[in-house]
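Encoded as structure tokens, the structure appears first; notes follow it.
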Amino acid sequence: MNDNDCLFCKIVAGEIPSKRVRETQRVLAFRDINPKTPTHVLVIPKDHYADVADLVHADPELAAETLAVAAAVADDEGVTGSGWRLLANSGPDAGQEVFHMHLHVFGGKPLGPMISA
Ligand code: AMP
């Protein structure tokens with residue numbers, strides 16, 4: 001399943017370049033183009049789902065695999081011990097910009113408070 005107008009579908013297809021760090025048959029992890037922390041990796045299902053709720057309702061096994069890849073990325077990046085943060089923006093109040101479900105993996109420095117005031 002693929003959306004022709006979706007930026008991350010184009011990254012999955014290789015039509016837009018990305019720095020891939022880990023990949024399974026159904027999940028892709030690549031570096032965020034505008035990293036907010038030393039480790040800032042996006043983990044996405046290769047099939048197109050708009051957000052977390054969409055993915056979880058349609059394919060809970062794929063949601064679990066996406067989460068497992070995020071944890072593996074944290075390991076690869078060497079931040080499992082120092083600490084890391086997983087973030088999924090869903091919808092306007094969260095400021096979601098790309099409507100292809102993605103997990104942000106942040107780490108590599110103290111990450112501060114969970115949410116800014
Ligand atoms: P969100 O606000 O959760 O939808 O996050 C979208 C993220 O996608 C942002 O952190 C962007 O920096 C990132 N992003 C946008 N375009 C690209 C790209 N071509 N390659 C990698 N990351 C991107």
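The values are calculated or read from the model by the stated rules, or taken from the named source; none is laboratory data. Note that this is a predicted model, so its numbers are computed, not measured. Neighbour counts run over all protein chains shown; Cβ positions are idealised from the backbone, glycine included. Only protein heavy atoms, including side chains, enter the accessible area calculation; ligands, DNA and RNA are left aside. Shrake-Rupley method; radii C 1.70, N 1.55, O 1.52, S 1.80 Å.
Here are some notes:
- Residue among 64, 72, 29, 50 that is under 15 Å from the mean Cα position of the chain (by Cα) and exposed (fewer than 13 other Cβ atoms within 10 Å of the Cβ): 64
- Qualifying residues in region 100-110 (those that are more than 8 Å from the ligand (Cβ to nearest atom) and in contact (Cβ under 8 Å) with a residue 40 or more places away in the chain) - the one surrounded by the most Cβ atoms within 10 Å (Cβ to Cβ): 105
- Extreme residue, nearest to the ligand (Cβ to nearest atom), among residues of region 77-94 that are within 16 Å of residue 53 (Cα to Cα) and not aliphatic (A, V, I, L, M): 89
- Test result for residue 90, of a type in the set (Ser, Thr, Tyr), touching an Asp or Glu at 6+ places or on another chain (Cβ under 8 Å) and not in a helix (DSSP H, G or I): yes
- Filter result for the condition that a residue is acidic (Asp, Glu), open to solvent by 50 Å² or more (accessible area, probe 1.4 Å) and farther than 26 Å from residue 113 by Cα, over 97, 15: 15
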